[in-house]
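The values are calculated or read from the model by the stated rules, or taken from the named source; none is laboratory data. Keep in mind that what you see is a predicted model, and the values were worked out from it rather than measured. No Cβ is skipped: glycine too gets one built from the backbone with ideal geometry, and neighbour counts run over all protein chains shown.
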Amino acid sequence: MDMMEKHHDQQIVQRVVPPEEPADIKADSAPNLILPILRRWYIVLVTFLVVCAIGIPAVWLLTKPTYAATAAIRVAPIISSILFSDKESEGVIPMYQNFMNTQADLIKSDQVLQRVADDIVDKNMKFFEGAANPVAKLRNALINENITVIPGRKSELIMITMENQDKTEAVQIVDAFVKAYMAIEVSKETEGGDRKLAVLEKESKVLADKLQRQRQTIRQMAEEYGSVALTGRQEMMLQRVADLQTELTKMQTRRITLEAQQQLLDQTGQQETSPDTRFKMRYEFINANPTFQVLSGNITQLDQGLIVARQTLAPTNPELKRKAELLEALEIRLEEKRGELGKTFDNLMTKELSRNYEGQLANAKIELAQIADYEKRLQDMLAKENSETIELGRKHLTIQDQQEQLYLTKELYDTVRRRVQQLEMERKRPARISIAYNASVAPVPNKRIKYTAALIFGSLAAGCSIALLIGKADYSLYTPDDIARRVGIRIIGTTTNADYFSTRKLPRQISCDYQNICANLGLLNGNGIPNKLVITSAAMRDGKTTFAINLATSLAKANKKVLLVDGDLRKPDIRRLLNLPKNPRGLNDVLFGEKFEDFVHSIPSIGLDVLTAEQRMGDVSELLSVSHFGEFLNTAGTEYDHVIIDTPPVLAFPDALLLAKMADGVILTSFSGRTTGQDLKETLKRLQEIKVKVLGTVFHNVGINYSHNRYAYGYYTDQAAGRGNWNNRKKNTKTMLLLSRKEFRKDDKDSK
């Protein structure tokens, strides 16, 4: 049979690719920008050739040679000093790059442009021909970058460059820029130096007068004591105040003791002292003692501090322990002092009782009066000494403040004087800004090569952009990812584009493709491939008839009893493709109630039964809806393992919907680069509306990189070549119905 191809008889170990689940349509991945350009490479090539053919000659004819005149101005980053060595006098300009940029902007300012125009406008240059305003002409040249002023990034130079076809004019204009800028800069620097000197001289006089006044003030304040240093005198006065305070404390203690004695004598002289009275006197005597009062106050403060410390510090803190031990020691000392004072009181009581209380009382009063008088004189002396000491301290602080102000003023005065001297000397140093070199001319490198390269890259970019825009407007499906992303339908399997294989290798690849498809179909429901399958497509030329024939052939080669039915009454092709004898009778008669067994063609070499049809126009849909086709399918389904029905496209005629409603499942076929996402979506929607079970789609003619079996053929070829028996295995072959490249393209042409 001319339409047959050979394949190897050995058992092919198939690799089952699980059917792809419908992708989430909303989760659209990023568009691939390369594939649309590669698919339309011819557009890129044509655009490239057209643009280059027009642009390259134009570039070489219109571009004329030009010259560049360049001068440079040097801006030193370090100001060298004449008075000091380099390390001591480094004065780096802060923000040097910003300073360079500022000077470059100054060169482009209107002030410089006006000086340049005044200098060269009367030289009758071609550059200024037809220009009413020379300054505007120069400004436009700067804007258009015919004249550039560029500060160096890694150098001290500001480059002034002009490109012009007349090199003499370019040199004159660039030199005029340098001359105008330097005139302005030198004038500004000289003026700035004079202004600084004037300001510093004035400030120096003000500071000298201030120094004189401050020295006079300090001298007047120190004349009272004969010296500026009052620290020794102040320490002596403080010591004297401390001594008076100590003596006053002793007298106060003695006075309190005498008052207690006097009170005791008064009480013992009148009547016998009762125990309560004696206890009260004892208590008052003890509490009146200054040492006892001080100890009591210290214990109270320490006890309060210990309470606070226990709330804020940890129990194990050593500071807490130290405070507790100190409190305990003070309490012990207080009790000892209380005992000592009690004994003293008892002794006094005993002595007073044994003496003549009248004499003692008189003596106590006399001594008490003397002590009170002495105490008053001590208080007066202490108040006077304290006042004098405070006054001395204030004067000392005032003198110190005046001395600090004098020191700061003198330091500032010295700094100003040094700066004045430096400026006077620095006038003799080289200028910070100077002319590095005057304008020199050099030919501009030929821009034709750059323009040509830019044109080539631009033409490639334009071609890629056009191809990409056309690709954006193309809704055809090219890869399984396109189907999953745009349609969301299960992909049962793929068939590989025949152009990737030689005539010898093609049958093996197609055999692997269909084994993979059959295996995936068996995995869909868990119960194997459905009994009655409708093969259809969205539109024409999607490879549905080819797929139906090859699927039926694959199932028959797997020892299944298969009936292939040509259900496309409008354009039946199975008889022609299988090269079966022409028979005007077939499915047409079965639709009118005839038994289908009488019209079945058997192909023994494959084990396949075929029910062909003849073309019928007009009432096909009505015939299918009222005919005995359903009874035929039920009967054929019981006699055959699988009934494969080829139908017209869904979007062309309603025949496929009527036949799909009677079958167990539907397989849609799609063709890479031909089927569009909109058509496949619409087809899927129509089938789902009538509640037809759509098993998925088979994607035909995909590239080898997108095939589900892109490694299968090479795997078996390499293994067979390694064993060295490939030539022997070629002898044991069986026929399998596979369309060759030629027949497939013929079918494609007829479909059109």
| remark: When (1) in contact with an Asp or Glu (Cβ under 9 Å, 6 or more places away or on another chain); (2) within 20 Å of P507 (Cβ to Cβ) are applied to R570, the one that fails is (2)
| said: Could you go through the range 603-613 and let me know if any residue there is within 25 Å of S537 (Cα to Cα), part of a loop (DSSP other than H, G, I, E, B) and out of contact with any Pro (no Cβ under 6 Å at 6 or more places or on another chain). | reply: yes
| Restricting to the range 148-202, what's the tally of residues that are modelled with pLDDT under 85, of a type in the set (D, E), assigned to a helix (DSSP H, G or I) and surrounded by 15 or more Cβ atoms within 10 Å (Cβ to Cβ)? | 2
| remark: A454 vs (1) modelled with pLDDT of 80 or more; (2) closer than 28 Å to Q688 by Cβ: all pass except (2)
| message | Among the residues of the range 647-657, are any touching a helix residue (DSSP H, G or I) at 6+ places or on another chain (Cβ under 8 Å), without any contact (Cβ under 8 Å) to a residue 40 or more places away in the chain and not in a loop (DSSP other than H, G, I, E, B)? | response | yes
